[in-house]
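Asks: First the structure, which I've put down as structure tokens, then a few questions once you've had a look.
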Amino acid sequence: MLLGACGWAEWPPQNNKPRASNQPERMGHSSSAFVNVMEVTVVKGDTVFGLSRRHRVSARAIIDANNLRAPYVISRGQRLILPRARDYVVKRGDSISSIASKHNENTYAIARLNVLRPPYTIYVGQNLFLPNLSGSRLDPKPTAKIATSESRLKITRASRKAKAVPAPPAITGKGFLWPVKGKVLSSYGGKSAGLQNDGINISAPRGAPVRAAENGVVAYSGNELRGFGNLLLLKHTGGWITAYAHNDTLLVKRGDKIKKGQTIAKVGSSGGVQNPQLHFELRKGKKAIDPIKYLPKV
């Protein structure tokens with residue numbers, strides 16, 4: 001999603017500094033399947049994404065190395081493998097975007113990992129951390145290619161859980177509704193530094209009702225996906241999925257059947273944004289689509 005209106009996405013959170021806990025320990029035999037890694041013991045308050053920021057290792061690498069499953073809950077005393085980040089020395093003509101493209105990485109993930117802020121200025125000779133695995137598994141089978149947008153991967157993974165919910169009711173056939181009324185803060189599509197908004201962000205008063213864009217069933221209701229805050233995913237017939245993020249309050253739960261226009265949440269600023277707003281996405285299967293093309297003209 002990596003959007004301009006969402007503070008978490010286009011520039012790193014303000015409280016992105018390391019915390020004096022969870023010091024790396026020497027590796028045990030359980031970690032022998034990886035190269036250039038360290039091991040930590042989870043302490044109270046730790047999360048996968050907190051460890052990612054603190055140790056400058058991508059969340060995806062931690063999840064894969066430890067075979068974690070959504071919603072990626074970790075427990076106090078649990079030992080985790082942390083694949084070490086790779087180093088990269090900036091060369092003449094480099095930019096964050098060109099480095100990301102060259103190494104098949106996410107532009108924002110590199111900026112976040114190195115605590116860079118817009119306009120993401122880098123200089124020749126600077127040492128940067130790259131978020132992917134620095135080594136490889138001692139396994140001849142290649143690992144799956146990761147989506148270039150970290151948030152797109154999160155939404156896709158959460159959407160997969162929709163298979164376990166009841167079949168959605170038939171759609172009305174009259175098109176999608178605007179989930180809230182307000183000014184579009186960030187439109188769909190490419191942003192600065194090669195970032196991408198997979199939806200739109202709509203400004204609305206805190207506590208304003210968020211309405212279902214079509215008949216559907218709740219595929220996800222929670223706040224485990226970093227950056228989205230309180231998030232709802234609705235599954236609709238025909239392979240459509242709608243996403244509603246940054247909510248203050250969620251009013252429905254996973255498996256609930258929803259009617260078009262039903263109030264499903266209240267507008268908020270969860271997930272790192274400063275002002276109340278709704279991030280809204282429209283997807284056909286795994287593909288994000290510009291919602292404006294399917295919403296009534298205002």
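Asks: Give a residue-ordered list of calculated ³J(HN,Hα) values for region 102-109 (Karplus: 6.51 cos²θ - 1.76 cosθ + 1.60, θ = phi - 60°; whole Hz; x for Gly, Pro).
Replies: The phi angles translate into 5, 9, 6, 10, 9, 4, 5, 4 Hz.
Asks: Would you grab the residues whose amide H sits under 5 Å from the one on Leu185? Only those 5+ places off in sequence or on another chain, please, with H modelled 1.01 Å from N.
Replies: Counting only residues 5 or more places away or on other chains, the set is Asn201, Ile202, Ser203.
Asks: Continuing with this model, one more query. Place the peptides 244-252, 168-176 in order of packing, highest mean first, counting for every residue the other Cβ atoms within 10 Å and averaging per peptide.
Replies: 244-252, 168-176
Asks: Something else now. When the Karplus curve 6.51 cos²θ - 1.76 cosθ + 1.60 is applied with θ = phi - 60°, which whole-Hz ³J(HN,Hα) does each residue of region 67-83 get, with x for Gly and Pro?
Replies: Per residue, the Karplus-derived 3J(HN,Hα) values read 6, 7, 10, 3, x, 6, 7, 10, 10, 4, x, 5, 9, 10, 8, 10, x Hz.
Asks: Continuing with the same structure: For region 193-244 and region 48-73, what is the separation of their C-alpha centers, rounded to whole Å?
Replies: 23 Å
Asks: Students often check this: by mean Cβ neighbours within 10 Å, which of 206-213, 276-283, 181-188 ranks highest, and how do the rest follow?
Replies: 276-283, 206-213, 181-188
Asks: So, one more: For the pairs Lys183/Lys235; Lys183/Lys293; Lys102/Lys286, flag any whose C-alpha to C-alpha distance is greater than 23 Å.
Replies: Those over the limit are Lys183/Lys235; Lys102/Lys286.
Asks: Oh, and also: In whole Hz, with x marking every Gly and Pro, tabulate ³J(HN,Hα) for region 249-258 from phi via Karplus 6.51 cos²θ - 1.76 cosθ + 1.60, θ = phi - 60°.
Replies: With the stated coefficients, region 249-258 comes to 9, 9, 9, 10, 10, 3, x, 5, 8, 10 Hz.
Asks: Taking amide hydrogens as modeled 1.01 Å from N in the peptide plane, which residues meet the under 5 Å criterion relative to Ala265, leaving out close sequence neighbours?
Replies: Amide H neighbours of Ala265, under 5 Å, 5+ apart: Val210, Leu251.
A short reminder: the numbers here are calculations on the coordinates, not readings from a lab. Please read all numbers here as calculations on a predicted model, not as lab measurements. Heads up, the Cβs are rebuilt from the backbone with ideal geometry, glycines too, and the neighbour counts pull from every protein chain shown.
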